[in-house]
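Worksheet: one structure, shown below.
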Amino acid sequence: MSNNGGTTRRIIGGGLSGLAAAINFAKNDESVEVHEARKDIGMQFHPNYQVLLKESPETPASESGATSYLNRWGLNPQFQYKDAKKFLCCTQKRDFTISLKEPLPLILRGGENSLERGLAKEAQDLGVDFHFKSRPKARPGDIMSAGSYRTDMAAFGAYYENSDFPRDQFLYMHDEKYSPRGWYLYIIPMDKDTIKVMNCCSKPHAKKVKKLLYKAVEERPVLRDIIDGAKPTGTVG
Ligand SMILES: Cc1cc2nc3c(=O)[nH]c(=O)nc-3n(C[C@H](O)[C@H](O)[C@H](O)COP(=O)(O)OP(=O)(O)OC[C@H]3O[C@@H](n4cnc5c(N)ncnc54)[C@H](O)[C@@H]3O)c2cc1C
């Protein structure tokens, strides 16, 4: 008999929250079902690296890597990530590079080899049952992990062929002119030949986010030097 009084634990939404819950319930010998609205896990994002911040500044460096972090939450997935060691920081007025004392994990989200797919595999191995294209009506006892319904952020990204941008670096630019209000633009190397420039702004400026990205690439010398007149090979957002 399962530890949930013989009933099946239903989890609605197969993102990070739902998958982490599914794994931990399954480890507690519960029978678990994950209901995911899309046709597969990891389809809510185009493949994209996202930053994993450690829980607290006091967490020692030896325990702040991506794997240690996830292990502390009872998770042991196989997935793709890379450690950034340099941070090119661009404010409205100046640009400077910071060498990070501790590497900052950049986690692959969405698609093949993503954290979501790794967690789904771990859950499947523990016997969790997946239902795709499934949006059941919640009933008492269900775990709701369907993500946020609303966000203040609009984003647009462009991929460029580029093998010169250091693979252990990321760029973060905070310039109100291109990323209003209070948002940012960043560059993350995707693979050995491609970088992704992503611009974010608040919802009321959503219609301009794409135009502002190209304007920033044209106008800010630090971006102009990196992109060097190349045309995007793809876009997202
Ligand atoms: C552009 C962008 C950049 C980001 N960068 C970072 C970052 O650098 N670092 C960071 O920590 N966070 C970042 N985030 C936020 C982070 O991605 C989210 O906080 C995280 O994905 C939340 O996980 P979740 O499981 O709660 O929700 P989600 O990842 O949204 O997963 C929810 C899942 O539920 C499914 N679903 C929705 N409705 C239903 C339903 N009715 N029935 C069944 N299934 C349903 C969805 O299809 C989805 O698979 C970023 C987000 C965006 C959009």
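The values are calculated or read from the model by the stated rules, or taken from the named source; none is laboratory data. What you see is a predicted model; the values in this text were computed from it and never measured. FYI the Cβ positions are ideal-geometry reconstructions off the backbone, even for glycines, and counts take in every protein chain you see.
Things worth noting here:
- Selection from the range 1-40 of residues that are under 27 Å from the mean Cα position of the chain (by Cα), part of a loop (DSSP other than H, G, I, E, B) and under 16 Å from residue 125 (Cα atoms): 14
- Sole residue being within 15 Å of the ligand (Cβ to nearest atom) and surrounded by fewer than 17 Cβ atoms within 10 Å (Cβ to Cβ), chosen from 114, 134: 134
- Within the span defined as the range 196-205, every residue fails to be away from the ligand (no atom under 16 Å from the Cβ) and surrounded by 12 or more Cβ atoms within 10 Å (Cβ to Cβ).
- Pairs are defined by a Cβ separation below 7 Å, a sequence spacing of at least 6 or placement on different chains, a first member in the range 40-53 that is under 21 Å from residue 199 (Cβ atoms), and a second member that is aliphatic (A, V, I, L, M) and within 7 Å of the ligand (Cβ to nearest atom); no pair meets this definition.
- Yes/no for residue 119 being crowded, with 20+ Cβ neighbours inside 10 Å, of a type outside the set (D, E, K, R) and within 21 Å of residue 41 (Cβ to Cβ): yes
- Under the condition of being in contact (Cβ under 8 Å) with a residue 24 or more places away in the chain and not in a strand (DSSP E or B), the residues counted in the range 74-132 number 26.
Residues checked against (1) within 30 Å of residue 223 (Cα to Cα); (2) aliphatic (A, V, I, L, M); (3) crowded, with 18+ Cβ neighbours inside 10 Å; (4) near the ligand (Cβ under 9 Å from one of its atoms):
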position	(1), (2), (3), (4)
129	no, no, no, no
142	no, no, no, no
149	no, no, no, yes
157	yes, no, yes, yes
163	yes, no, no, no
168	yes, no, no, no
173	yes, yes, yes, no
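- Yes/no for residue 105 being surrounded by 15 or more Cβ atoms within 10 Å (Cβ to Cβ), at pLDDT below 95 and not polar (S, T, N, Q): yes
- For the range 206-221, filtering for residues that are assigned to a helix (DSSP H, G or I) and buried (at least 16 other Cβ atoms within 10 Å of the Cβ) leaves 8.
- Which numbered condition residue 225 fails, given (1) modelled with pLDDT of 95 or more; (2) within 12 Å of residue 157 (Cβ to Cβ); (3) not hydroxyl-bearing (Ser, Thr, Tyr): (2)
- A single entry from 88, 52 fulfils the requirement of being out of contact with any Cys (no Cβ under 9 Å at 6 or more places or on another chain) and either at pLDDT 95 or above or surrounded by fewer than 16 Cβ atoms within 10 Å (Cβ to Cβ) (or both): 88.
- Every pair of residues 6+ apart whose Cβ atoms lie under 7 Å, when the first sits in the range 178-192 and is among the aliphatic types (A, V, I, L, M) while the second is part of a loop (DSSP other than H, G, I, E, B): 185/178; 185/179; 187/165
- Test: residue 148 is in a loop (DSSP other than H, G, I, E, B) and touching a residue at least 60 places away in the same chain (Cβ under 8 Å): no
- Of the criteria (1) surrounded by 15 or more Cβ atoms within 10 Å (Cβ to Cβ); (2) more than 27 Å from residue 101 (Cα to Cα), which one residue 75 fails: (2)
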